[in-house]
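Below is one structure, written out as structure tokens, with a few remarks after it.
The values are calculated or read from the model by the stated rules, or taken from the named source; none is laboratory data. None of these values were measured; they are calculated from a predicted model. Here the Cβ is made from the backbone with ideal geometry for all residues, glycine too, and neighbour counts use every protein chain on show. To get the accessible areas, we keep the full protein, side chains included, count just its heavy atoms, and leave off ligands, DNA and RNA. Shrake-Rupley method; radii C 1.70, N 1.55, O 1.52, S 1.80 Å.
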Amino acid sequence: MNMSLALGCRAAVVGFFCLAALAGCVTNTPTAADAARTPEASGAFYYTGGDILTMVGDTPRYAEALLVRNGRIAAVGSLTQVQRAAGPDATRIDLAGATLMPGFIDAHGHLVYATHTMLDADLAGVKDIPELLSRLKAHAAEVPQGDRIVGMGYRAEQMAEKRHPTAAELDTVSATRPIGISDGSGHQGVMNSALIREMKLTAATPDPEGGFFSRQPGSRELTGHAAESAWMSVLATRAPLTAAQTRKGVARAVALWTQNGITTASEMGLGLSGDDISIVQTIVDEKLMPIDLVLFAKAASADRIITAAYQIHKSRTAPDVDTSTAMLAARPDLDKRYINRVRLAGIKFWLDGSIDTMFMSRPFTTNPPGVTTADYRGVRVDPQEQLVAFLDKYWNSNRQIAAHAIGDEANEQFLLALEDVIRRKGKGDGRPIFQHAQFLRPDQIARIKAVDGTTSFTAGGLFPMGDYIASLVPDRIDWVGVAGSVQRQGVNWTLNTDWPAGVSPSLMYAAWNVVNRMTRSGKPFAPHERVSAYDAMRSLTINAAYQYKEEKTKGTLEVGKLADLVVLDRNPLKVHPMSIKDIQVVQTLKEGVLVYNRKPAATAMVAPGFRAGQIDQHVHGPDCNHAALFARADEIDRLVHGPEGARGRPLSADQERVLARLFRASE
């Protein structure tokens, strides 16, 4: 049986048939989504007709065809070889010019935490405090009486006021119902008066170790703002989700991850919310994960979480229980670490916080909004003695150790602890993870290699936050997100979303950032740290698999590995680097099963003779170096691609005039 993605047609699927959305494009060939549901495909199917990027080796390698059978890659190579291995009953799927790659692995995310935030007010992108309050009011109307009103996503440095809102301002939404909102990093937030009262906080409340409550100028009265451990204590008091809310939140989170091509997700802070264990219990009991989920326990909750994980594992893998064999057989790789697609991999420490609270070896040049401390160096969160004790306890176990470390001093403290435990207990196969690693001094990179560490960069913030970071520490820009340097020195490195605490849930957007390293103002940001598109793709696949100790079953397209796959509408190695972020995920498959299928849409006609791709090239391409136009690239993207744009229909006369005016900025 022959089937096709029919991507070039942007065709609309009706049952098993495609009806062309554009004149001159008519086909009755079923899509790969249909193929994935057929009995034939469940046995064996193979891809051909597009770029099959295997991610094997240090330079790009392509295959002509790839065969999937029973959840694993059964053959990869020439079309003749694959057809011979497939046999006459296998289904052939035509990529129609699309690109097939290994499924993406998110090296640092918060899917369990997102189970909460997907149900909350979305405050991302608010331009000022009035817009923030407006969104909160709209959300509050949908929150049952008695429940806390919660939101997340605002960024103080990107709002007109350049500060956090106050408790008094949140009181305008409600002065009687408790309200708590997290900023985009999740490391800071604001309470209204009702929540302050509920938390029993007063002017006499001391700042906890590793955090602080902001105070009114000249007094100790609370403003409502809290950071790091002070804010984490607020988050921990949220009422637990019901089973129905858990199902809804997980479904929304999974949909977001899979539409971004991710086949292995993570929760790098299990224990951030008080009900995280019950959420994971529901996920396991009800088999809610269609993709893999790797868990790292928050250090402060680690013993409690490890005990709970042991009980869950024991109840499902007892030797005398028949379901044990059945559950393991359901995974083609027989990875006994996973139970219903969930496994506890390690423990994570917080050695500092967000960009505003990163722990630096030297003071900030300019303090972040609301910080008045002289010689401010950020905040140390988890104490060093706790880190040393956990390393001593778990180093020779099968639990990995990861540390949230943004500032160079936070990374230094992790290095010192690792070097100490290795001297005493040997290196082993610990593979410690330097999460974020946003500020690394040149001398620290070789030491990370010496401890066999992985640096996992949250690179999505380079474009939207690069100018702000430069304003805080202009003399240390060369230390930021040094993917190029770690690549040259042979350190394993990955990219992550950190979603919902990151800027974007898209790993392709993170890759776009490290390949181009431009800021919103149009300025290059330490351009000597740029990497190739291929190396960026390795960071999402084989490097991330190695980080999680799963490189034997994931990360490349090789025989015997899991058929965790992503289909992209374009090859990231063959488009202009500035267009990488615009590449769309067409399909995501976990062990050969379709878990995401993009709804086809007609190509946007944006102006006479122009299509969206041509506009992208004009805005983002090599001939566009004009800072004023680059700074408005997002505006043009919204016009071309956004919900108010012209997807599938010509631009209106007004839209054409706006587009023409924007283009004239570069002439």
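Here's how it looks for residue 570: its modeled amide H is under 5 Å from those of 99, 584, which are all 5 or more places away or on a different chain. Binning the alpha carbon pair distances of the stretch 407-496 at 5 angstrom intervals from zero yields the distribution 3, 14, 26, 24, 17, 10, 4, 2, 1, expressed in whole percent. One chain, two ends: residue 552 and residue 207. Fully extended at 0.36 nm per residue, the span grows by 119.6 nm beyond their Cα-Cα distance. Given the Cα-Cα distance of residue 161 and residue 599 and 0.36 nm per residue of separation, how much length would full extension add, in nm? Residue separation times 0.36 nm, minus the Cα-Cα distance, leaves 153.8 nm.
Measuring r between the beta carbons of residue 243 and residue 574 and using R0 = 45 Å, the FRET efficiency lands at 0.45. Stretching the chain fully between residue 337 and residue 467 yields a gain of 42.6 nm (0.36 nm per residue, less the alpha carbon separation). Over the stretch 52-186, Cα pairs under 8 Å with separation of 6+ residues give a relative contact order of 18 percent. When the alpha carbon gyration tensor of the stretch 461-585 is reduced to an equivalent ellipsoid, the three semi-axes, largest first, read 26, 16, 13 Å. Expressed per residue, the C-alpha convex hull volume of the stretch 375-524 stands at 123 Å³.
With the convex hull constructed from alpha-carbon coordinates only, the stretch 141-282 shows a mean projected area of 10.2 nm² over all directions.
On the basis of the beta-carbon distance and an R0 of 41 Å, residue 59 and residue 521 show a calculated FRET efficiency of 0.75.
With all projection directions averaged, the alpha carbon convex hull of the stretch 364-420 covers 4.8 nm². Label sites at residue 236 and residue 215, each approximated as a point 7 angstrom past Cα along Cα to Cβ, lie 2.4 nm apart. Per-residue 3J(HN,Hα) values for the stretch 244-253, derived from phi via the Karplus relation 6.51 cos²θ - 1.76 cosθ + 1.60 with θ = phi - 60°, read 5, 5, 4, 4, 5, x, 5, 4, 5, 5 Hz in sequence order (x marks Gly and Pro).
Peptides 145-154, 108-117, 57-66 ordered by packing proxy, namely the average of other Cβ atoms within 10 Å per residue, highest first: 108-117, 145-154, 57-66. Under a 5 Å amide H cut-off, with hydrogens placed 1.01 Å from N, residue 211 pairs with 229, 230 among residues at least 5 apart or on other chains. In this calculation the C-beta distance from residue 307 to residue 419 is compared with R0 = 30 Å, giving a FRET efficiency of 0.50. Extending 7 Å from Cα along the Cβ direction at residue 78 and again at residue 397 yields two label points whose distance is 5.2 nm.
With a 1.4 Å probe rolled over the protein heavy atoms of all chains, the accessible area of 222, 132 falls in the order 222, 132, largest first. Across all directions, the average flat footprint of the convex hull enclosing the Cα atoms of the stretch 54-93 is 3.1 nm². Compactness ratio for the stretch 547-599: Cα radius of gyration over 2.2 N^0.38 Å (N = residue count) comes to 1.32. Put a dot 7 Å past the Cα of residue 559, heading toward its Cβ, do the same for residue 488, and the two dots end up 4.0 nm apart.
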